[in-house]
Structures are given as structure tokens and as C-alpha cells.
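K.L.:
Take a look at the following structure, please.
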Amino acid sequence: MFKRRRYKQQLTLQDRLSAWVKQIQQQASKLPPGPERDALLKKARQADVANHLQDWAKSPGLQPPK
């Protein structure tokens, strides 16, 4: 039986996503317009939306369904 290696993350998922989005946007800004740049920007937008959804899900105004 294999034993899983555990790794304690130093930063939260939101912090890692934010840093990754900034890194991807910087990479995309160095590329000429084209499909590769568009793909990088799309990934950055998706990660940014996921980050905002996390904030929304944890907000106190969110009510459970009745």
C-alpha cells in the first residue's frame, strides 16, 4: 500500500490563485496578439472568477436554500 505524501500549504488557495493570475497576465502581456495569448488570458480570467466565487460563497449574506 502506498502512503500519500502530505504537504501543508503555506498560502491559502485564494492567495496562490491571485499570484498565479498576476504571473499569467504578465506572461500574456509579453506575447504578441494571437491564440496563445488569448488562451493565457482566458485561463487568468477563469482563475480570477474562481477566486471571486470563493469570496461570494463565504459571504455572510449568502442564504441556504429553503
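The values are calculated or read from the model by the stated rules, or taken from the named source; none is laboratory data. Computed from a predicted model, the values in this text were never measured in an experiment. Ligands, DNA and RNA are excluded from the accessible area calculation, which covers all protein heavy atoms including side chains. Shrake-Rupley method; radii C 1.70, N 1.55, O 1.52, S 1.80 Å.
K.L.:
Leaving out ligands and nucleic acids, and using a 1.4 Å probe, what accessible area per residue does the chain come to in Å²? If you can, show how the numbers build up before the last one.
P.N.:
Working: 6430 Å² over 66 residues.
Per-residue value: 97 Å².
K.L.:
Further, regarding this structure: Rounding to the nearest 10 and keeping the result within 0 to 90°, find how far the Cα-based axis of helix 13-30 lies from the longest principal axis of the chain.
P.N.:
So the helix axis and the longest Cα principal axis differ by about 10 degrees.
K.L.:
Could you tell me what percent of the accessible area of the chain is made up of carbon and sulfur, with a 1.4 Å probe and every protein chain present? Before the final figure, lay out each step's value.
P.N.:
On the way: 3660 of 6430 Å².
Carbon plus sulfur share of accessible area: 57 percent.
K.L.:
Measure nothing but the geometry: give the 0 to 90° angle between the long axis through the Cα atoms of 35-57 and the longest principal axis through the Cα atoms of the chain, rounded to 10°.
P.N.:
20 degrees
K.L.:
What is the extension gain from K58 to A19, computed as 0.36 nm multiplied by their sequence separation minus the C-alpha to C-alpha distance, in nm to one decimal?
P.N.:
Details: separation 39, 0.36 × 39 = 14.04 nm, distance 2.04 nm.
Taking 0.36 nm per residue and subtracting the Cα distance, the gain is 12.0 nm.
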